[in-house]
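Beneath this line is the structure, given in structure tokens, with notes to follow.
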Amino acid sequence: MDAGGGAGEQLSLSAVRDQLIREEDSIVFALIERAKRPRNAPAYSAACGGGSLAEFFVREAEAVYAKAGHYQKPEDVPFFPQDLPPPLFPTKGYPKVLHPSASRVCVNDAIWKMYFDELLPLFTANGDDGNYAETVALDFACLQALSRRIHCGKYVAEVKFKDSPQDYSPPIHAKDNNALMNLLTFKAVEEKVKQRVEKKARIFGQNVTLEEDSVNKQDGNACDSECKVDPKVLSKLYDLWVMPLTKDVEVEYLLQRLD
Amino acid sequence: MAAHSVYSYLLLCNAITLLLVSPCCVGLGLDTVRDFLTREEDTIVFSLIERAKHPLNLPAYEEHAWFGPDGRRHNDSFAELFVRESEQIQAKAGRYQSQEEIPFFHSRVPFTLAPPYNFTTDLYPGAASVNVNDVIWGIYFNELLPLLAKNGDDGNYAVTAASDLACLQALSRRINYGRYVAEVKFRGDQQRYTALIGSKNKDALMKLLTSEAQEDVVKRRVEKKAMVLGQDITLDGPTETGDTNSGQSSFKVAPSVVYKLYDQWVIPLTKNVEVDYLLHRLD
């Protein structure tokens, strides 16, 4: 994670925020690309004797990533961790800035369910164009981007804890989830995040042409119905799922922080 | 309307419908081709932006020795291994059943797990497999990547290779779509094309396929997309990149690089595919 910096560099709130902001672009791009294809429901129904094509693809793709040395960093968490092969080549080390229990914190089951059951119907058109392989590859890209952003909550939690351990230690000792959640929640910041990610969807999802009047569109005044993904879907995604799940990760991390 | 004229009217409608909707031509036309290519521009720009998130990460492209499950020694770069294995999975998932997709490495897959689907076959069978993936591979790693990514090594080799794959697939799909462009143009002017194909006149074919005005529009539009899609978006009013005089460094990918990509490689290679396809069109 770039927020971890080079060897010896300390974790900082601004580096973590920068990383989260950059992840917004990745998430918006991934959803825009997925929206190129219609729902393609057959990709998600259980095939005879096994799971869906989506599940098959993610399992197999994660095995390739694992062989390539992925899943070492705290924000890279597999959806199917059992029986992942070891890295084929030696991997570059990275600075360990988190408590060792960070590797146990994982909300991927919730992300998977949210993505397929709630999010996909909101931004993909009905229909079937047969491109199931590409569809599930695009789903994987969305899942990875969402999982990475949400599990960055581990860094957020560490930075906040280090900043004021005296505030966090009592609720951690008392295992008081609600108190921790309150400490971690800043409505003003969350509102800004929602607005910004909605603006990104409006700008990145617009139809860019060479016409002069599209200068306006750079400021995000494009009509929402022309956007490849409805910007309101992005603010809903962040409001209902991304930010709450990130805070779940933060709370889960903090509860083990003093072990 | 009198019964007789209603009947004639319906007959006329049917005749027109039959002319417009022949089985092999449904869906493929100059408009659909242009729409496809235009949408692919966004895909290409997004994939370049995502690759530029990471530095060059040269170790991902160095060859390593490794041992396969059969005990045999292999010599591959990270990136090549990643692409091969990823394509194998995608083949099992049925990706290459669609004529639009052509893999960089051929893998023999006895069957796919994909649910069955009746893909249309718009291309002439004898020319459908024409492609320039080898050239695209070389250009991407040797010419484009150094322009795209900053020097450095962040150790994220898997994500780097995955980003490379996304760029390669987007470029491959766009450039090899020249087959569809050629098919549409051929159908639109069969007599002229047949004569040139018969005499294997590559230069004349290339000339017929080239519209500099159209190419200029494409290049300028994709450059603009790099500016719009690669800008840093904040909540504080118009972004600094709204000013056309601002430096190229405020964009995630330099728009001039994207312009160059289309000018020197994407458009010329697409036309090479078009010519190659046409030369096989009457086989």
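The values are calculated or read from the model by the stated rules, or taken from the named source; none is laboratory data. It should be emphasised that the depicted structure is a prediction, and the values quoted were computed from it without experimental measurement. Neighbour counts are summed over all protein chains in view; Cβ atoms, including those assigned to glycine, are modelled from backbone coordinates with ideal geometry.
Only one of B:Ile89, B:Ile102, B:Ile49 is more than 9 Å from chain A (Cβ to nearest Cβ) and β-branched (Val, Ile, Thr); which? Selected residue: B:Ile102, the only one of B:Ile89, B:Ile102, B:Ile49 that is more than 9 Å from chain A (Cβ to nearest Cβ) and β-branched (Val, Ile, Thr).
All of A:Lys73, A:Lys113 fail the test of being under 20 Å from A:Ala30 (Cβ atoms), buried (at least 16 other Cβ atoms within 10 Å of the Cβ) and basic (Lys, Arg), apart from A:Lys73.
A:Asp2: facing another protein chain (nearest Cβ under 8 Å), modelled with pLDDT under 95 and out of contact with any His (no Cβ under 9 Å at 6 or more places or on another chain), yes or no? So A:Asp2 fits the description; yes. With the condition kept exactly as written, say whether any residue in the range B:96-109 is of a type in the set (Asp, Glu) and under 16 Å from B:Ala79 (Cβ atoms). Within the range B:96-109, not a single residue is of a type in the set (Asp, Glu) and under 16 Å from B:Ala79 (Cβ atoms). Of the residues making up the range B:148-166, those that are on the phi > 0 side of the Ramachandran plot and more than 7 Å from every other protein chain (Cβ to nearest Cβ) number 1.
Of all the residues in the range A:125-161, those that are in contact with a Leu (Cβ under 9 Å, 6 or more places away or on another chain) and outside any helix (DSSP H, G or I) number 1. Among residues of the range A:117-165 being surrounded by fewer than 16 Cβ atoms within 10 Å (Cβ to Cβ) and of a type in the set (A, V, I, L, M, F, W, C), the one that is nearest to the other protein chains (Cβ to nearest Cβ) is A:Ala125. Of the residues that make up the range B:216-234, is at least one more than 14 Å from chain A (Cβ to nearest Cβ), of a type in the set (Val, Ile, Thr) and touching a helix residue (DSSP H, G or I) at 6+ places or on another chain (Cβ under 9 Å)? Scanning the range B:216-234 turns up no residue that is more than 14 Å from chain A (Cβ to nearest Cβ), of a type in the set (Val, Ile, Thr) and touching a helix residue (DSSP H, G or I) at 6+ places or on another chain (Cβ under 9 Å). Each residue in the range A:14-39 was checked for being within 11 Å of chain B (Cβ to nearest Cβ), in contact with a Cys (Cβ under 7 Å, 6 or more places away or on another chain), buried (at least 21 other Cβ atoms within 10 Å of the Cβ) and not aliphatic (A, V, I, L, M), and 0 of them qualify. Scanning the range B:105-115 for residues being of a type outside the set (Val, Ile, Thr) and at the interface with chain A (Cβ under 9 Å from one of its Cβ atoms) gives a total of 3. Right, A:Lys217: modelled with pLDDT of 95 or more and either within 13 Å of another protein chain (Cβ to nearest Cβ) or within 21 Å of A:Asp25 (Cα to Cα) (or both) or not? So A:Lys217 does not fit the description; no. Here A:Ser103 meets each of (1) part of a helix (DSSP H, G or I); (2) among the hydroxyl-bearing types (Ser, Thr, Tyr); (3) within 14 Å of another protein chain (Cβ to nearest Cβ) with one exception, condition (3). Being closer than 19 Å to B:Tyr117 by Cα and without any contact (Cβ under 8 Å) to a residue 24 or more places away in the chain is the filter here, so list the residues in the range A:40-50 that pass it. Once the filter is applied, which keeps residues that are closer than 19 Å to B:Tyr117 by Cα and without any contact (Cβ under 8 Å) to a residue 24 or more places away in the chain, the range A:40-50 yields A:Ser45, A:Ala46, A:Ala47, A:Cys48.
Taken over the range B:171-208, the criterion of being among the basic types (Lys, Arg) and assigned to a helix (DSSP H, G or I) is satisfied by B:Arg173, B:Arg174, B:Arg179, B:Lys185, B:Arg187, B:Arg192, B:Lys202, B:Lys207. Scanning the range A:64-100 for residues that are in contact with a helix residue (DSSP H, G or I) (Cβ under 7 Å, 6 or more places away or on another chain), away from chain B (no Cβ under 13 Å) and either more than 21 Å from A:Tyr155 (Cα to Cα) or without any contact (Cβ under 8 Å) to a residue 60 or more places away in the chain (or both) returns a single hit, A:Phe80.
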